[in-house]
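Colleague: Sending over a structure as structure tokens; questions will come in a sec.
The values are calculated or read from the model by the stated rules, or taken from the named source; none is laboratory data. Here the structure is a predicted model, which is why all the values come from computation and not from measurement. Here the Cβ positions follow ideal geometry from the backbone for every residue, glycine too, while neighbour counts run over all protein chains shown.
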Amino acid sequence: YSLRALLDSGFEQFGEIIVVFNNDEEVGSVGSAPLLREIARQVDVGFVLESSRSEEVITKSRKGADKYVMVVTGIPAHSGAEPHKGRSAVIELAHKMIAIHNLNMLYPGVTFNVTRLSSSEPLNIVPDVARCHISVRAYNEQGLSKAAKALEQVATGCSIPDTRTKLTRTRGRAPYTATPEILQLVEMAQEEGKALGLSIVAEGKGGLSDANLLMEAGIPVLDSLGPIGGGMHDLNREHLRVESIPLRGALLAGLISRLCLSKFTGV
């Protein structure tokens, strides 16, 4: 709708506008990430149309994320006949999960979420394997590094004798941070908002989006320029407000126009 409005108005002061419809963003853009990185090398600015919680809110930064898998190995034994010979991997992991949860109070803005618990399954055997996954989020690389060191300390500790713990880290999305170039884009959005009677506010968010990926690829990005919506954590509650499309579309169209007529892109 935004592009159609621009073209119908006769606006042609742009070099090229590339539109990407990404259907795998919710699972990490695994297939589309290479394409997005390639496109980022061809453009000056990226706009991401994640939904917003309000007509007057856009996003200027997002946390980055790392993923971890923690695997505890214990000693199996028959839980009825010789339980004293066993070393429960589940109980050791339980101690570690509580320690990880308590890390949420340690570093401002750094969060730890433990999920996907599993263990060896026979009910009559002291479990010798237990694992969990951990999502860490932080607004900067320093926070992610502090989290990595804290988790290593948890992994090296031991509450149940003779158990062993392995921690594997997978780098996720880099933080999307509010650079001077991004703050310039925020100012443009605020000026355009005034023309529409809106007081635009730029926020930082804890959730990830393709804005993280595009910024890591080297371009300034504004996010949450889509319709108003919510419930993103729940398939049964996720929604957008259809009546918000015209105003948010007008904001996007005006922002594109303002950007292309500025010195920002060199067009």
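Colleague: Which ranges mark the strands (runs of 3 or more DSSP E) fully within the range 71-188 that have 2 or more residues being in contact (Cβ under 8 Å) with a residue 40 or more places away in the chain? Walk me through it before giving the result.
Modeller: Numbers: elements: 111-119, 129-138, 164-171.
Answer list for the range 71-188: 129-138, 164-171.
Colleague: Which residue is farthest from Ile98 (Cα to Cα), if the candidates are limited to the range 113-156 and must be in contact with a His (Cβ under 8 Å, 6 or more places away or on another chain) and of a type outside the set (A, V, I, L, M, F, W, C)?
Modeller: It comes out as Asn124.
Colleague: If a residue must be assigned to a loop (DSSP other than H, G, I, E, B) and either within 23 Å of Thr177 (Cβ to Cβ) or at pLDDT 90 or above (or both), how many such residues does the range 208-240 contain? It would help to see each step written out before you state the result.
Modeller: Taking the range 208-240 and keeping what is assigned to a loop (DSSP other than H, G, I, E, B), we get 208-209, 217-220, 224-227, 231-238.
From the residues that got through so far, the ones that are either within 23 Å of Thr177 (Cβ to Cβ) or at pLDDT 90 or above (or both) too are 208-209, 217-220, 224-227, 232.
Total satisfying the criteria: 11.
Colleague: Pull out all pairs, ordered by first then second residue, where Cβ-Cβ is under 9 Å, the residues are six or more apart or on different chains, the first lies in the range 30-47 and is closer than 19 Å to Leu255 by Cβ, and the second is among the polar types (S, T, N, Q).
Modeller: That search, which allows pairs on different chains as well, returns Val43/Thr265; Asp44/Thr265; Val45/Thr265.
Colleague: So, one more: Is there a residue being in contact with a Leu (Cβ under 7 Å, 6 or more places away or on another chain), surrounded by 15 or more Cβ atoms within 10 Å (Cβ to Cβ) and either at pLDDT 95 or above or closer than 26 Å to Arg41 by Cβ (or both) anywhere in the range 199-206?
Modeller: Restricting attention to the range 199-206, the residues satisfying the condition of being in contact with a Leu (Cβ under 7 Å, 6 or more places away or on another chain) are none.
No, every residue in the range 199-206 fails to be in contact with a Leu (Cβ under 7 Å, 6 or more places away or on another chain), surrounded by 15 or more Cβ atoms within 10 Å (Cβ to Cβ) and either at pLDDT 95 or above or closer than 26 Å to Arg41 by Cβ (or both).
Colleague: Going residue by residue through the range 49-65, is there one that turns out to be surrounded by 15 or more Cβ atoms within 10 Å (Cβ to Cβ), of a type in the set (D, E, K, R) and assigned to a strand (DSSP E or B)?
Modeller: From the range 49-65, those surrounded by 15 or more Cβ atoms within 10 Å (Cβ to Cβ) are 49-52, 55-65; that's our starting set.
Checking which are of a type in the set (D, E, K, R) leaves us with 50, 55-56, 60, 62-63.
From the residues that got through so far, the ones that are assigned to a strand (DSSP E or B) too are 60, 62.
Yes, the range 49-65 contains at least one residue that is surrounded by 15 or more Cβ atoms within 10 Å (Cβ to Cβ), of a type in the set (D, E, K, R) and assigned to a strand (DSSP E or B).
Colleague: Consider only pairs whose beta carbons are under 9 Å apart and that are at least six residues apart or on different chains; among these, list those whose first residue lies in the range 4-28 and is under 30 Å from Asp66 (Cβ atoms) and whose second residue is hydrophobic (A, V, I, L, M, F, W, C) and in a helix (DSSP H, G or I).
Modeller: Ile18/Ile39; Val20/Leu35; Val20/Leu36; Val20/Ile39; Asn22/Leu35; Asn22/Leu36; Asp24/Ala33
Colleague: Tell me yes or no: at least one residue of the range 123-136 is in contact with a Gly (Cβ under 6 Å, 6 or more places away or on another chain), of a type in the set (A, V, I, L, M, F, W, C) and under 30 Å from Glu55 (Cα atoms).
Modeller: No, the range 123-136 has no match at all.
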